[in-house]
Amino acid sequence: MSEQSFEQLLDESFKTIHNGDVVEGTVIDVKPEEAVLNIGYKSDGILSRNEYTNDNSVDLTQVLHEGDKLEVKVVRVMDTEGQVIVSYKRLAAEKGSKRLEEALESGEIIKAKVTQVLNGGLSAVVDEVRVFIPASLVSNVYEKDLTKYADQEIEFRITEYNPRKRRCIGDRKQILVERKAQAMKELFERIHVGDVVEGTVKNITDFGAFIDLGGADGLLHISEMSWGHVENPKKVFKVGEKVRALIKDIGDNKIALSLKFADTNPWKDAEDKFAIGNVVTGKVARMTDFGAFIELEPGVDALLHVSQISKDRIGKPADVLSVGQEVEAKVVDFNPEDHKISLSMKALLEPDKAEVEQESDADVVSVDIEAVIAAEDAKAEEGEATEE
């Protein structure tokens with residue numbers, strides 16, 4: 001038997017490797033653009049930055065450290081310098097490719113960090129495989145600016161994968177649609193008319209505000225924002241504001257909300273405050289040809305008939321009164337069931353009590369205040385619809 005040389009014995013003590021083999025290496029030296037790995041072979045493995053990742057800005061000293069172990073793929077055994085070239089990203093891409101194929105079949109939800117925000121969508125990398133999420137599939141609502149997703153971790157499903165064409169499409173929208181549907185189902189199962197719920201103002205329009213209740217939006221109509229008159233919802237609420245509201249109605253995936261809580265109803269103790277004979281102070285809220293509506297407090301309006309404004313005959317309220325003017329008057333009629341209050345300024349001016357009572361019986365006109373207000377609101381809404 002021939003004696004073997006030291007070099008031959010040394011070679012036999014190391015494992016044999018070939019191009020394409022997958023080996024485990026231990027980092028023994030790291031520089032910004034290159035790492036050296038002990039791969040159990042007579043030559044160390046050289047892992048360049050380009051073979052570690054597709055991101056050319058990565059500093060290897062920030063991601064790899066001496067003693068770290070990682071699997072790599074042998075790219076070339078023994079180059080001109082007697083070293084072995086290895087790759088981490090190629091092995092990761094192969095594993096990623098298999099994972100994406102399985103995810104396409106199973107519908108698995110994948111999490112990945114957005115690496116690029118493009119004009120047409122987002123780009124993310126899954127195990128060194130680039131996944132493109134078109135702008136139309138980023139969200140279940142229109143997204144004008146996608147920059148908020150930069151460097152954010154997002155979830156998506158793989159809907160198309162063709163490794164030969166290097167085409168991989170992700171869909172985030174379908175996940176959001178499914179979750180919203182489930183949240184809506186759960187919300188409608190637990191809420192009832194009369195419940196008090198908390199939500200966040202999502203959008204404000206001229207006719208009301210949409211409140212996000214976590215699964216569905218509820219509409220808080222302008223007429224339900226206060227017991228009093230609300231002129232413009234945008235002056236009352238702000239987007240993002242928390243709101244505690246009462247569920248007034250539920251139907252066909254629609255929720256109607258109200259801020260008119262029973263314990264804040266201004267009419268519950270009105271019978272004492274606005275009893276016949278009481279002298280009250282209020283502001284002129286609006287006027288018609290037959291009289292002026294006086295706001296005694298938010299949600300409580302009283303009618304001051306034109307005949308009860310002055311002892312002198314006047315043509316219409318606007319001749320002597322103006323909106324916002326504070327007036328003092330006597331309550332001459334009160335109907336708590338129908339929420340009707342009639343006032344008289346003249347009653348405070350007449351010296352003859354008997355004459356006042358006689359004129360009151362003849363002149364006080366009972367008007368359905370709520371009906372008049374409803375008619376005015378309907379007319380205003382009709383005008384808005386015509387303008388649109």
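The values are calculated or read from the model by the stated rules, or taken from the named source; none is laboratory data. This is a predicted model, so every value here is computed, not measured. For neighbour counting, all protein chains shown are included, and Cβ atoms are generated from backbone atoms with ideal geometry for every residue, glycine included. These area figures cover heavy atoms from the full protein model, side chains too; ligands, DNA and RNA do not enter into them. Shrake-Rupley method; radii C 1.70, N 1.55, O 1.52, S 1.80 Å.
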Could you list, in sequence order, all residues of region 183-233 that are without any contact (Cβ under 8 Å) to a residue 24 or more places away in the chain and of a type outside the set (D, E, K, R)? F210, I222, V230
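Given V86, V72, V63, which one is open to solvent by 60 Å² or more (accessible area, probe 1.4 Å), under 30 Å from T16 (Cα atoms) and more than 24 Å from the chain's Cα centre (by Cα)?
V63 is the lone residue from the list that is open to solvent by 60 Å² or more (accessible area, probe 1.4 Å), under 30 Å from T16 (Cα atoms) and more than 24 Å from the chain's Cα centre (by Cα).
Please work out which residue is nearest to G324 (Cα to Cα), limiting yourself to region 214-229 and to residues that are open to solvent by less than 20 Å² (accessible area, probe 1.4 Å) and not in a strand (DSSP E or B). If you could, list the steps in order and put the result at the bottom.
Keep residues of region 214-229 that are open to solvent by less than 20 Å² (accessible area, probe 1.4 Å), which gives 215-216, 218, 220, 225, 228.
From the residues that got through so far, the ones that are not in a strand (DSSP E or B) too are 215-216, 225, 228.
Details: G215: 42, A216: 39, M225: 21, G228: 15 Å.
Within region 214-229, the match that is nearest to G324 (Cα to Cα) is G228.
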Name every residue in region 230-241 that is exposed (fewer than 15 other Cβ atoms within 10 Å of the Cβ) and either in contact with a Leu (Cβ under 6 Å, 6 or more places away or on another chain) or in a loop (DSSP other than H, G, I, E, B) (or both), in order of residue number. E231, N232, K238, V239, G240, E241
Do you know which residues across region 333-344 are surrounded by fewer than 19 Cβ atoms within 10 Å (Cβ to Cβ) and either among the charged types (D, E, K, R) or in contact with a His (Cβ under 9 Å, 6 or more places away or on another chain) (or both)? D333, E337, D338, K340
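Assess whether A275 counts as being small (G, A, S), open to solvent by less than 40 Å² (accessible area, probe 1.4 Å) and modelled with pLDDT under 95. If you could, list the steps in order and put the result at the bottom.
Numbers: small (G, A, S): yes; open to solvent by less than 40 Å² (accessible area, probe 1.4 Å): yes; modelled with pLDDT under 95: yes.
The answer is yes for A275.
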Considering only residues that are at pLDDT 55 or above and β-branched (V, I, T), which ones fall in region 326-370? V327, V331, V332, I341, I369
Restricting to region 7-37, count the residues that are farther than 11 Å from V72 by Cα, open to solvent by less than 80 Å² (accessible area, probe 1.4 Å), modelled with pLDDT of 90 or more and not aliphatic (A, V, I, L, M). 3
Flagged in region 298-332 as open to solvent by 50 Å² or more (accessible area, probe 1.4 Å) and not aliphatic (A, V, I, L, M), in numbering order, are P298, K311, D312, R313, G315, K316, D319, S322, Q325, E326, E328, K330
Just checking, which of R166, R130 is within 26 Å of V22 (Cα to Cα), exposed (fewer than 15 other Cβ atoms within 10 Å of the Cβ) and either without any contact (Cβ under 8 Å) to a residue 40 or more places away in the chain or not aliphatic (A, V, I, L, M) (or both)? R166
Looking only at region 280-295, and only at residues there that are touching a Lys or Arg at 6+ places or on another chain (Cβ under 8 Å) and within 13 Å of G228 (Cα to Cα), the one that is surrounded by the most Cβ atoms within 10 Å (Cβ to Cβ): I294
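Could you identify the single residue in E108, E94 that is touching a Lys or Arg at 6+ places or on another chain (Cβ under 8 Å), surrounded by 13 or more Cβ atoms within 10 Å (Cβ to Cβ) and of a type in the set (D, E)?
Numbers: E108 fails: surrounded by 13 or more Cβ atoms within 10 Å (Cβ to Cβ).
Every option except E94 fails the conditions.
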Can you tell me which residues in region 242-266 are open to solvent by less than 70 Å² (accessible area, probe 1.4 Å) and in a loop (DSSP other than H, G, I, E, B)? L259, K260, F261, N265, P266
Cβ pairs under 8 Å, 6+ apart or interchain, first in region 258-285 and touching a residue at least 60 places away in the same chain (Cβ under 8 Å), second in a loop (DSSP other than H, G, I, E, B) and open to solvent by 70 Å² or more (accessible area, probe 1.4 Å), ordered by first then second residue, are none
How many residues does region 189-207 hold that are open to solvent by 70 Å² or more (accessible area, probe 1.4 Å) and in a loop (DSSP other than H, G, I, E, B)? 4
